[in-house]
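Here is the structure we will look at.
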Amino acid sequence: MSQSSPASASADTGGSAQEHALLERRARLLGPTYRAFYRNPIHLVRGSGVWLYDAQGRKYLDAYNNVASVGHCHPRVVEALSGQAATLNTHTRYLSEIILDYAEKLLGTLPPHLGHAMFTCTGSEANDLAIRIAQHSSGNTGVIITEFAYHGATIATAQLSPAAVGAKGVPAQHRTVAAPDTFRDGGRAAHDFAKNVAAAIEDMRARNIRPAALLLDSAFSSDGIFFPDAAVMREAADHVRKAGGIVIADEVQSGFGRLGRGMWGFANYGLEPDIVTMGKPIGDGHPMGAVIVRPQLVSSFGSNTGYFNTFGGNPVAAAVGIAVLDVIEGEGLIENARTVGTYTGELLDALKGRHGMVADVRHNGLYFGVELTAEDEATAAAKTSSAVEAMREDGVLISSCGPRGNVLKIRPPLPFARDNAEQLAETLDRALSKW
């Protein structure tokens, strides 16, 4: 799971008296931990498809939220949710057909070696559970992650999220490796990714630590959005398995058709992960997550430890999950991600010829990273933040990511259309023309 860091602030620099009052109330009631997006935060009151609407009725093109994966407030998802909520909602210790129907449908989208589904409420919980299973099944403790990864907000997953806690917050038994950056230094980090994973394993071994897992976001979302060579990714997975660990594919960002080549991001590399974790887009905004696992990994875990989650896999969540899968298939959203994603990528690539600061455009399906450069890293980060703010003022919502804060993160809902792509590119062109 990956979390970006869009421009945020604790105080408004504009807006109405009502918005000022909301910000003051928010600070008083929620405290300093909650941060709002943008220098001038938006008071949203409604969403529909790829659009969000504020309290003054202004609409914004949402080019950021993969949470509402099939579009904000999709009628079929809302109908499934409300219909099941009006019928029954309870937990999985009672027998229920709908959770089995959903598990069967979800497993049907994955490779056959992944035979069991375990349900959670969030991607953080899913990654936490996956780590527990990996450590229990392997008897090992160490986890390998990338240097600016984000995998969740529980104690275990936060410690595996240097994007949130910094390198010093990662416990000594774990290891970070450079993300497979396909741009900087001629793509050396991408070329050396498997070698760096092998070196991390050797460093563990020298300190009497054994790897339990390699935990990978298939799009390297917080690291800056990269799509490295498939052979290198498979080689990295082989290194971990030979050392007694397993491979966990974190599909919170890249799953559910996002990359336009099928349902799952890991398939782009020809990987066969031992565990797949899911969250956010699994429920189109409803709080859901899942762990899909090789059955043999949980045979001992299930008998010795067991697993129960009061809300994970409840009938309402199952109804929503089925509806999301039906919409992805019925509306051809994976093909849309491929075709509109290609068109959007072409429009963004064209900006490189117009703006010298656009150094690289990385894209796969409806996932885009636009790297901006300047005379120094601080200036590049400042211009990236300014571009995000300018686009917000111009009615298009995007974000930023990467350890240097200089990559525009663009990740719209899957129904994104060609005219939406044109609006996005035109708005970004105007934002970049300010320098």
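The values are calculated or read from the model by the stated rules, or taken from the named source; none is laboratory data. What you see is a predicted model; the values in this text were computed from it and never measured. Every residue, glycine among them, receives a Cβ derived from its backbone with ideal geometry; neighbour counts consider all protein chains shown. Quick note on the areas: whole protein, heavy atoms, side chains included, nothing else; ligands and nucleic acids left out. Shrake-Rupley method; radii C 1.70, N 1.55, O 1.52, S 1.80 Å.
Across segment 299-326, which residue is nearest to Phe416 (Cα to Cα) among those that are at pLDDT 95 or above, part of a helix (DSSP H, G or I) and open to solvent by 20 Å² or more (accessible area, probe 1.4 Å)? Among them, the one singled out is Asp326. So for segment 327-340 (the condition being of a type in the set (S, T, N, Q), part of a helix (DSSP H, G or I), touching a residue at least 60 places away in the same chain (Cβ under 8 Å) and in contact with a Pro (Cβ under 9 Å, 6 or more places away or on another chain)), does at least one residue qualify? Yes, the conditions are met somewhere in segment 327-340.
Take the residues in segment 362-387 that are of a type in the set (A, V, I, L, M) and under 10 Å from Ile410 (Cβ atoms); name whichever of them is surrounded by the fewest Cβ atoms within 10 Å (Cβ to Cβ). Residue satisfying both the conditions and the ranking: Val370. Listed by first and then second residue, the pairs linking a residue in segment 231-256 that is among the aromatic types (Phe, Trp, Tyr) to a residue that is open to solvent by less than 20 Å² (accessible area, probe 1.4 Å), with Cβ atoms under 7 Å apart and 6 or more places separating them unless they lie on different chains, are Phe256/Ser69; Phe256/Pro281; Phe256/Ile282; Phe256/Ile328. Restricting attention to segment 33-53, report how many residues are more than 17 Å from Ala421 (Cβ to Cβ) and either in contact (Cβ under 8 Å) with a residue 40 or more places away in the chain or touching a helix residue (DSSP H, G or I) at 6+ places or on another chain (Cβ under 9 Å) (or both). Of the residues in segment 33-53, 10 are more than 17 Å from Ala421 (Cβ to Cβ) and either in contact (Cβ under 8 Å) with a residue 40 or more places away in the chain or touching a helix residue (DSSP H, G or I) at 6+ places or on another chain (Cβ under 9 Å) (or both). Mind listing just one residue for me: the one in segment 205-225 that is aliphatic (A, V, I, L, M) and surrounded by fewer than 24 Cβ atoms within 10 Å (Cβ to Cβ) and, of those, nearest to Cys401 (Cα to Cα)? So, considering only residues that are aliphatic (A, V, I, L, M) and surrounded by fewer than 24 Cβ atoms within 10 Å (Cβ to Cβ), the one nearest to Cys401 (Cα to Cα) is Ile209.
The set of residues in segment 255-282 that are of a type in the set (Gly, Ala, Ser) and open to solvent by 10 Å² or more (accessible area, probe 1.4 Å) comprises Gly262, Ala267, Gly270. Cβ separations smaller than 6 Å between residues 6+ apart or across chains give the following pairs from segment 183-196 residues that are free of Cβ contacts under 8 Å to residues at least 60 places away in the same chain to residues that are part of a helix (DSSP H, G or I) and among the small types (Gly, Ala, Ser): Phe193/Ala236; Ala194/Ala236.
For segment 31-77, the set of residues classified as closer than 14 Å to His286 by Cβ, at pLDDT 95 or above and under 22 Å from the mean Cα position of the chain (by Cα) consists of Gly47, Val67, Ala68, Ser69, Val70, Gly71, His72, Cys73, His74, Val77, listed by residue number. Exactly one residue among Pro75, Pro162 is in contact with a helix residue (DSSP H, G or I) (Cβ under 8 Å, 6 or more places away or on another chain) and free of Cβ contacts under 8 Å to residues at least 24 places away in the same chain, and that residue is Pro162.
If you check Val340 against the conditions, is it in contact with a Cys (Cβ under 9 Å, 6 or more places away or on another chain) and surrounded by 18 or more Cβ atoms within 10 Å (Cβ to Cβ)? So Val340 fails the test. A count restricted to segment 51-76 and to residues that are open to solvent by 70 Å² or more (accessible area, probe 1.4 Å) and assigned to a loop (DSSP other than H, G, I, E, B) stands at 3.
Within segment 214-230, residues that are farther than 15 Å from Ile246 by Cα reach partners that are β-branched (Val, Ile, Thr) and open to solvent by 10 Å² or more (accessible area, probe 1.4 Å) with beta carbons closer than 8 Å, at six or more positions or on different chains, in the pairs Phe226/Thr182; Phe227/Thr182; Pro228/Thr182. The numbered conditions (1) open to solvent by less than 20 Å² (accessible area, probe 1.4 Å); (2) more than 18 Å from Gly289 (Cβ to Cβ) are all true for Asp250 except (2).
In segment 107-131, the residues that are without any contact (Cβ under 8 Å) to a residue 12 or more places away in the chain never reach a residue that is of a type outside the set (Gly, Ala, Ser) and part of a loop (DSSP other than H, G, I, E, B) with C-beta atoms less than 8 angstrom apart, at least six apart or across chains.
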